[in-house]
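**Student:** Questions regarding the structure given below will be posed in turn.
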Amino acid sequence: MMLNFAAQKLKPSEPVRYLFSVMVIFMSFGAFLLPLGSIAQQEEQEIEPIEEVSNSPSRYTFKVKLTELDDLKVKEGDTVGINQVIADRTQDRDRLLVEKQRLELAIARLETLKVTPPLPPRAVPMTPELPPVSYETHKANIAQATTKLELAKLAIADQKSLIEEISQLNEPLLVTHEKAKLETLKIDQQTAELELSKAIANLKDAQAQRQHQEYLSSLAIAERIERANANALAYQQQLQEFENQQRSRAYQLSDLNTKLADVESRLAQVSTVRSPYPGTVRRIRWLEQSEGTINAEITLRLGDPDPMPDRE
């Protein structure tokens, strides 16, 4: 309707020229709108979120465990090649290797350290028995001295009887002579008494010496028994100490081997992560942190159109 109205107002040659101008304007406006639509569509495609899929033909996503941020050896945008180191917990590995070496040295020292068992105590020398004692000699001497004394007494008694008889004969010289013999007999009696006393004293001395020897022997026996008991007690204490050392050594070895196995287990987990494919680090996403480790997810953009490895 508007075109008809415009045609009525215009001259006969002007409608054609007007329509041509309108068509040119619409065509120019359409040509201008087409690039804008393509640009908007392009921008919309670029900001559209892309779903991360592990082991896709163009991406490869994997997770790593780190102790420190420096353990990650790449950053977003880095180009990596096959077997290039992505993450390496060098500090943990060095610390665990030092700990492993320390434990191995401690185990080696304990294994070479031999605990010597105590020697059984030597038998305490037996106390020699006292020889048998005999007092027969002393008894014989006493008997002999006793007999001699008795004979001396009889001789004196006989001499006194003889002097009494001679005194009745009124022989003063003979009496004096016999009295002189009597004095001699008395001296013999005194000598016999002294010999008897000496023989008895010798017997008593011998008996006293024997008693002293028996006393010393009893002391020696008691000392021997005491030494034997002390040696046996010391041996038992040394044997108990030896067994305690053996148990302590076995416990320490078991504890060290357990710790060594734990260190080796943790050391096996501290592996170097290498890139399985060539590509570009597209994204590093930090995950949760637990038990002293930082978990991260790394996505590689692969250059090979078919990067999947042969898993046979």
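Any read-out appearing in this document is the output of simple, stated calculations on the displayed coordinates, not a laboratory observation. None of these values were measured; they are calculated from a predicted model. Here the Cβ is made from the backbone with ideal geometry for all residues, glycine too, and neighbour counts use every protein chain on show.
**Student:** For the range 46-204, just say rounded, prolate or oblate: build the C-alpha gyration tensor, square-root its eigenvalues into a ≥ b ≥ c, call rounded for a/c under 1.5, and beyond that prolate if a/b exceeds b/c, oblate if not.
**Tutor:** prolate
**Student:** Whole Å is fine, so just give me how far the alpha carbon centre of the range 265-280 lies from that of the range 153-227.
**Tutor:** Their Cα centres are 120 Å away from one another.
**Student:** Mind pulling up the Rg/Rh value for the range 203-270? Radius of gyration and Kirkwood radius, both on Cα.
**Tutor:** My calculation puts Rg/Rh at 1.69.
**Student:** Using the Cβ atoms and a cut-off under 14 Å, what net charge is assigned to the surroundings of Q101, where Lys and Arg are +1 and Asp and Glu are -1? Walk me through the numbers on the way to the answer.
**Tutor:** Values: positive: R93, R95, K100, R102, R109, K259; negative: D94, E99, E104, E264.
Every neighbour counted, the sum reads +2.
**Student:** Around Q84, which amide H atoms from residues at least 5 apart in sequence, or from another chain, sit under 5 Å from its own amide H, with H modelled in the peptide plane?
**Tutor:** Placed amide hydrogens put S275 under 5 Å from Q84.
**Student:** Let me ask something else about it. Determine, at each q value in 0.26 (inverse angstroms), the log₁₀ of I(q)/I(0) that the Debye formula gives when each Cα of the range 132-185 is one equal point scatterer.
**Tutor:** -0.92
**Student:** For the range 104-117, just list the computed ³J(HN,Hα) in residue order, Karplus coefficients 6.51, -1.76 and 1.60, θ = phi - 60°, integers in Hz, with x standing in for Gly and Pro.
**Tutor:** Karplus values, whole Hz, x for Gly and Pro: 5, 5, 5, 5, 4, 5, 5, 5, 7, 7, 9, 8, 7, x.
**Student:** Let me ask something else. Taking amide H positions as placed in the peptide plane 1.01 Å from N, state which residues far from T67 in sequence (5 or more) or on other chains have amide H under 5 Å from it.
**Tutor:** I294
**Student:** Within straight cross-link reach of K148, meaning Cα distance under 23 Å, which lysines are found once same-chain residues fewer than 8 apart are removed?
**Tutor:** By straight Cα distance, K148 reaches K139, K160, K179, K181, K186, K198, K204.
**Student:** Here's something else I'd like to know. For the range 202-211, take each phi angle, set θ = phi - 60°, evaluate the Karplus expression 6.51 cos²θ - 1.76 cosθ + 1.60, and give the result in whole Hz per residue in order, putting x for glycine and proline.
**Tutor:** 4, 5, 5, 4, 5, 5, 5, 4, 5, 4
**Student:** Read phi for every residue in the range 230-242 and hand back ³J(HN,Hα) as whole Hz from Karplus 6.51 cos²θ - 1.76 cosθ + 1.60, θ = phi - 60°, with x for Gly and Pro.
**Tutor:** Ordered by residue, 3J(HN,Hα) equals 5, 5, 5, 5, 4, 5, 4, 5, 5, 5, 5, 5, 4 Hz.
**Student:** If amide H atoms are built 1.01 Å from N in the plane of the peptide, which residues on other chains or at least 5 residues away come under 5 Å of the amide H of K73?
**Tutor:** A87, D88
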